[in-house]
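Everything below concerns the one structure shown next.
The values are calculated or read from the model by the stated rules, or taken from the named source; none is laboratory data. All of these numbers come straight from a predicted model, not from anything done at the bench. Because the Cβ atoms are built from the backbone with ideal geometry, glycine has one as well, and the counts that use them run over all protein chains shown.
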Amino acid sequence: AGIEFGLDAPYAVEYHESLPSTNDRARELAAEGAADVAVVADEQTGGRGRLDREWVAPSGGVWLSLVARPTVPPARAPLFTLVAAVATVDACREAGVDAHIKWPNDVLVGGDEGTESGTGDASARSGRGGRKLAGILTEMEGEADRVSWLVVGVGVNANLDPEALPADATSLRAEAGGDVDRRRFAATLLERFASLAGAVDEPDRILSAWRDRASTLGRRVRVETPTGSVTGTAVDVESPGALVIDTGEGTRRVHAGDCEHLRD
Ligand code: BT5
């Protein structure tokens, strides 16, 4: 390990060839009092998604976790997931890949037609549209009125073959038709993250950047929440990251869950 990635970024970068999980290393650094550090690995052997799901992370990806100590109340922390999604989309677009955000934490590629209404079956997708290119895992420790630290993990399938990834995933290599410069990609992502994270006291700026890059709004969705499933039309996103759904019988706000875009 060493600070050697050589990025021109507003964060110190700790680069590792292999780690179990960059989020776990970032949490260690956070517990030691670090701030404004990005941990980057070429490979993860124990990458994590939400709810302790496995995140497949072979050599060739951009596996990155940021440690930040923003002076915000814990209730605002989900805004940083939105910021990371915006930054990831911008870095993908700079690399020539047409990416967009699916609420809450996925970055997908291309024309997303959604799944057949009601089947819940990702294999009902046609073509590559809607395949997952990147995911975000935000973790934090907070006191009553203040975040003590925040770890924002971003996993981007960069120079990987889709065969090495789960069935409904894709990579920058596959979409751009060649390898991308991972240092440049990571530098763009970190720059975009830093500039928008500075707007955390003006959530409207973050929400509007998110709306501009999201494919979820205006669509029929089904969200599996911890307390049940909500189906309807996604009409907006509200601070700090809630999805507003018109169910036809009223408006519901969902704060967490897995979202499926349905075919209209
Ligand atoms: C996520 O979870 O999408 C968050 C992923 C965050 C990964 C980064 S990598 C750097 C940092 N260090 C970590 O250990 N984690 C973070 P979720 O929405 O729960 O999606 C997880 C699901 O995505 C899995 O259950 C698989 O179905 C699928 N999946 C796993 N690996 C994938 C990959 N490489 N590409 C696309 N989909 C994948």
Residue that is touching a Pro at 6+ places or on another chain (Cβ under 7 Å), within 26 Å of residue 225 (Cβ to Cβ) and of a type in the set (D, E, K, R), where the choices are 76, 48: 76
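Answer yes or no as to whether residue 211 is assigned to a strand (DSSP E or B) and more than 26 Å from residue 146 (Cβ to Cβ). Before you say what the answer is, go through the steps one by one.
Numbers: assigned to a strand (DSSP E or B): no; more than 26 Å from residue 146 (Cβ to Cβ): yes.
Against the criterion (assigned to a strand (DSSP E or B) and more than 26 Å from residue 146 (Cβ to Cβ)), residue 211 does not qualify.
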Yes/no for residue 192 being under 15 Å from the mean Cα position of the chain (by Cα), closer than 27 Å to residue 57 by Cα and either surrounded by fewer than 17 Cβ atoms within 10 Å (Cβ to Cβ) or of a type in the set (Lys, Arg) (or both): yes
All positions within the range 243-257 that are surrounded by fewer than 16 Cβ atoms within 10 Å (Cβ to Cβ) and assigned to a strand (DSSP E or B): 246, 251, 253
Residue 108 - would you say it is at pLDDT 95 or above, closer than 21 Å to residue 264 by Cβ, crowded, with 22+ Cβ neighbours inside 10 Å and within 10 Å of the ligand (Cβ to nearest atom)? yes
Since residue 43 meets every condition but one in (1) over 15 Å from the mean Cα position of the chain (by Cα); (2) in a loop (DSSP other than H, G, I, E, B), which condition does it not meet? (2)
Within the bounds of the range 149-159, is there any residue that is more than 14 Å from the ligand (Cβ to nearest atom) and at pLDDT 95 or above? yes
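So if I check each of 96, 114, which one is away from the ligand (no atom under 15 Å from the Cβ), in contact with a strand residue (DSSP E or B) (Cβ under 6 Å, 6 or more places away or on another chain), over 26 Å from residue 16 (Cα atoms) and in contact (Cβ under 8 Å) with a residue 12 or more places away in the chain? Full working, then the answer.
Values: 96 fails: in contact with a strand residue (DSSP E or B) (Cβ under 6 Å, 6 or more places away or on another chain).
None of the other options fit; the residue is 114.
Check 228, 232 and return the single one that is free of Cβ contacts under 8 Å to residues at least 12 places away in the same chain and small (Gly, Ala, Ser).
Numbers: 232 fails: free of Cβ contacts under 8 Å to residues at least 12 places away in the same chain.
Matching residue, one of 228, 232: 228.
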Part of a helix (DSSP H, G or I), β-branched (Val, Ile, Thr) and farther than 15 Å from residue 20 by Cβ: does that describe residue 89? yes
All but one of (1) more than 21 Å from residue 209 (Cα to Cα); (2) at pLDDT below 95 hold for residue 10, so report the exception by its number. (1)
Any chance the range 148-168 includes a residue that's over 21 Å from residue 243 (Cβ atoms), touching a residue at least 12 places away in the same chain (Cβ under 8 Å) and part of a helix (DSSP H, G or I)? yes
